[in-house]
Structure formats: C-alpha cells, structure tokens
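The structure under discussion appears below in the form of structure tokens.
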Amino acid sequence: MRRGITATALVATLALAATACGGDDESGGSKSSGELSGTVTWWDTSNVGSEDKVFKEIAEGFEKKHPKVDVKYVNVPFGEAQNKFKNAAQAGSGAPDVIRSEVAWTPEFADLGYLAPLDGTAALKDDSDFLKQAAASTKYKGKTYAVPQVIDSMGIFYNKKMFADAGVEPPAKIADLKTVAEKIKKKTGKTGLYLRGDDSYYFLSFLYGEGGDLVDADAKTVTVDNAAGVKAFGVVKDLVDSGTAKTDATDGWENMMQSFKNGDVAMMINGPWAVADTLTGKEFTDKANLGISTVPAGTAGQGAPQGGHNLGVYAGSKNLDASYAFVEYMTSVEAQAQTAGELNLLPTRTSAYSKKEAVNSEIVQFFKPVVETAVERPWIPETGSLFAPLNVEYTKVLTGQTTPEKAAKATGDSYRKLLKGWK
C-alpha cells in the first residue's frame, strides 16, 4: 500500500518540533544492507495551496522508490525559513535534514558550517547537466553545498483584456510604462501597475535598469549609493507619485496578488513562482488573458535579477545517505519536468528543457531567455542580509518618508557596517 507524505505544521517553538527533525534519533538511517531507510525531514518553502501540493506529490514518489524511508514534509513560510534554520542549526536541535533555500541563503549557510558539502555524493548526480548560472549559487570557497532546484527571474504580468480595452501594448521602457498606465486609467479607470512596496527584491530590476547594483563583490565596494542607485530610487518614487503605480508598506504580496487577480490593476512585476496563484484569480479563469513581458528598461538598459531555490543538506543530519538521495530525486530531470508542466517553474537542468512539459509551457519558454540574461547577485555570505536595510529605505521612498538621496546613503552606510572593510 502506498504511504503518503507525513505533512507536519511548523509550530512556533522549534523545540516542540525536534522530534520530527534531523538532529533526532528518529532520523537515523542505514545503508548497510544496501537499502536506504530511516527518516528524512524536509523543510519546503514553496507557496502553500499551489506549489506545495506538487512538491509533496514528487516526494511521495521518492518514498515509493525507497519504501523504508519516511519523508516528513514541513512547509515553512518563506519569510521565516532563513532565520528558523539558522537558529535550529546553531542550537543543534530542530534543524531539518534537507532545506529548500533561496539561492542567496546558500553561501551564508555554508559559511556558518550548517550545510554538508555535496561533492562526490549522490546528491550531485549528473552535475554537468545543470545550467551554469544556476549552479553558481551552490558553490562556496571551492566546494558545492546545495543543488539547484529551480531558477527564475522577473517580468511584467499584464491583463490582456484590459490592455486591449485601452489600446496599448506591453511597455518596453519606463517612459512607455507611464504612458501605458495613463491610457489604462483614462479608458478603464484602473491603476496601471501594482508595485510591491515592502520587498526590495522588486526594486532590483529598476536598479539594474539604471546601471546600478547593490555591491561590487570583486572590488569589495558598496555601490547602492552611487549615482545609479540614487536614480533608481527616484524612478520608483516617480512611478508612485505620478499615479502610474500604487503601492503598500505591509502585506505586499497578498495586496499585490489580489489587486491583479481581481482586475484592480493592469500590471504587476513578478516571476514564474506567481503564475499558479495568478491563474486562480477571476480575471484569469481564461488562462489566455495572462500576458507576460520583460520588465521595462531603464536608461541603462533592461535588467532583472536571477533568483531561484536550492536544496541543501544539513551538516548535522543523522541520515546523510537518504538525504543525499532525496535531493538527487527532487532535482532530477523527471522532477523538474513535472514542476515545469504543472507549475511553470523553470528547470535548472539543461536536458529538462527538451521534455514535453517544459516545451509546452509558454511561461517556461518565455522566461528561459530572461533567465539566461538575468543579473546574478553576489554569492557572498552576506547577500541575504543586504535586503533588510534596503527594505526599510525602499518602503520609505515609496511612501514619501524619505528622499532617494537619503535612502541611497542610508542603505550604503548600513552595508558598510555589515561588510567590514569594504569601501
């Protein structure tokens, strides 16, 4: 009889969940008989209600292949997972065997010693098949500490019917974005763009579009407060001040998604991870109404950040062999083809793009060239920490609490305190 995944709700206090986690005796497994056994606890950070269902189903396939292994599935809210994993790993209790981490977390976790090196293990089977840019975030100081599961970037999602009613086309440049929004407002009464205001990851496309970046890792120099950074802050402020975009200071994801799905706005900036949720909206009962185009270019060109998720194995896991095998299974060509077909998520394996599921996904085919030209973030331990001070200043700019100049300076000052010895 097929056994389903054991789904576990993450409780607030990690100590209470210790009996389900990698530092526990229950996780102990053996390969002495040539057969994997024991427990593998997996922290999945995917979207609840869409992505999580598919990942659970794939994990069930691993249990069928290895009937003596019990996968304990725990969905951890993305916004909480980074600190929860660090706290559990530092305490030596309550950490999972495998974690799905945002790409920027991998070098940080590796630097702290919380991830097991994967070179020479089953987790890195056929590693030459991984996209070069996807594999870049998994390496730290010459070793590999994670396996890339999905890769992504960002684009403009737009309501095709609303665009047709207003007689406009997807904007290629920021100036076009403002013109399109004006026509949409005049013809339909709706706001052009919902610009998420509580997460500065959504600011990166504007920063790159003006020729800026957060830091120059090779030169160990902070660059967010240079002229390009100031200009980028000015661009997003003008989008809100001009009425081109509406924004928020809290609960940005939910507000943005509901506004777009309900037809209150014509556009939002988002990535392939948002497609499944978007298609549940009343405006997109006809899936063909969802249009996606590149993020409008700034004065220096078009830019979008490279994102994605990796699977890492906790260094303190008591069931390493099964954990390595689980990671390999979840990042296999077959698993990636399934997520491409059901969730429109982009594979990290080159060969997966030739599978019919990926070929038949318009979303995957659109984002593939976008990903290939996306801007990589610096793969340094502090990358994940660069967003906290940027979030504060980005929100303040959008809500009129500070100026672009002051925001850029404050962010730069915070970075230099974080990055000791940097210019």
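Brief remarks follow.
- Some residue of the range 235-247 being closer than 25 Å to TYR415 by Cβ and open to solvent by less than 20 Å² (accessible area, probe 1.4 Å): yes
- Test set (1) assigned to a loop (DSSP other than H, G, I, E, B); (2) surrounded by fewer than 18 Cβ atoms within 10 Å (Cβ to Cβ) - GLY303 fails condition number: (2)
- Helices (runs of 4 or more DSSP H) wholly inside the range 94-197 that include at least 1 residues being aromatic (Phe, Trp, Tyr) and more than 18 Å from the chain's Cα centre (by Cα): 160-166
- Considering the conditions (1) within 23 Å of the chain's Cα centre (by Cα); (2) buried (at least 19 other Cβ atoms within 10 Å of the Cβ); (3) over 27 Å from ALA81 (Cβ atoms), VAL397 is excluded by exactly one of them, (1).
- Single match in SER50, SER30, SER37 (criterion: within 23 Å of GLU102 (Cβ to Cβ), modelled with pLDDT of 50 or more and among the hydroxyl-bearing types (Ser, Thr, Tyr)): SER50
- Of the residues making up the range 249-269, those that are open to solvent by 10 Å² or more (accessible area, probe 1.4 Å) and part of a helix (DSSP H, G or I) are TRP253, GLU254, ASN255, GLN258, SER259, LYS261.
- Which listed residue is closer than 19 Å to GLU376 by Cα and open to solvent by 20 Å² or more (accessible area, probe 1.4 Å), from THR223, THR188, THR144: THR223
- The range 261-283: number of residues that are in contact with a strand residue (DSSP E or B) (Cβ under 9 Å, 6 or more places away or on another chain) and in contact (Cβ under 8 Å) with a residue 40 or more places away in the chain: 15
- Enumeration of residues in the range 326-339 that are in contact (Cβ under 8 Å) with a residue 60 or more places away in the chain and assigned to a helix (DSSP H, G or I): PHE326, VAL327, GLU328, TYR329, MET330, VAL333, ALA335, GLN336, GLN338, THR339
- Against the list (1) open to solvent by less than 60 Å² (accessible area, probe 1.4 Å); (2) β-branched (Val, Ile, Thr); (3) touching a helix residue (DSSP H, G or I) at 6+ places or on another chain (Cβ under 7 Å), the condition THR403 fails is (3).
- Near pairs, Cβ below 8 angstrom, 6+ apart or cross-chain, from the range 297-311 (under 13 Å from THR383 (Cβ atoms)) to any residue that is of a type in the set (Lys, Arg) and not in a strand (DSSP E or B): PRO305/ARG377; GLN306/ARG377
- Scanning the range 36-71 for residues that are buried (at least 16 other Cβ atoms within 10 Å of the Cβ) and of a type in the set (A, V, I, L, M, F, W, C) yields LEU36, VAL40, TRP42, TRP43, VAL54, PHE55, ILE58, ALA59, PHE62, VAL69, VAL71.
- ASP213 in a loop (DSSP other than H, G, I, E, B), farther than 24 Å from SER259 by Cβ and either open to solvent by less than 20 Å² (accessible area, probe 1.4 Å) or at pLDDT below 95 (or both): no
- Among all positions in the range 103-114, there is at least one residue which is closer than 27 Å to ALA322 by Cβ, in contact with a helix residue (DSSP H, G or I) (Cβ under 9 Å, 6 or more places away or on another chain), charged (D, E, K, R) and touching a residue at least 24 places away in the same chain (Cβ under 8 Å).
Yes or no, residue by residue, for (1) closer than 18 Å to SER332 by Cβ; (2) of a type in the set (Val, Ile, Thr):
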{"site": "GLN90", "(1), (2)": "no, no"}
{"site": "VAL98", "(1), (2)": "yes, yes"}
{"site": "ALA123", "(1), (2)": "yes, no"}
{"site": "GLN133", "(1), (2)": "no, no"}
{"site": "PRO148", "(1), (2)": "yes, no"}
{"site": "ASN159", "(1), (2)": "no, no"}
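- If only residues of the range 340-350 that are open to solvent by 10 Å² or more (accessible area, probe 1.4 Å) and part of a helix (DSSP H, G or I) are counted, the one that is nearest to THR121 (Cα to Cα) is THR350.
- Scanning the range 351-376 for residues that are in a helix (DSSP H, G or I), of a type in the set (A, V, I, L, M, F, W, C) and open to solvent by 30 Å² or more (accessible area, probe 1.4 Å) yields a count of 2.
- Residue count for the range 72-112, restricted to those that are closer than 24 Å to LYS141 by Cα, open to solvent by 10 Å² or more (accessible area, probe 1.4 Å) and either of a type in the set (Ser, Thr, Tyr) or touching a His at 6+ places or on another chain (Cβ under 8 Å) (or both): 1
- Taking the conditions (1) of a type outside the set (D, E, K, R); (2) over 20 Å from TYR201 (Cβ atoms); (3) buried (at least 24 other Cβ atoms within 10 Å of the Cβ) in turn, ALA164 satisfies each one other than (3).
The values are calculated or read from the model by the stated rules, or taken from the named source; none is laboratory data. Being a predicted model, the structure only gives us computed values, none of them experimental. A quick note on method: Cβ atoms are made from the backbone with ideal geometry, for glycine too, and the neighbour counts reach across all protein chains shown. Accessible surface areas use protein heavy atoms only, side chains included; no ligands, DNA or RNA. Shrake-Rupley method; radii C 1.70, N 1.55, O 1.52, S 1.80 Å.
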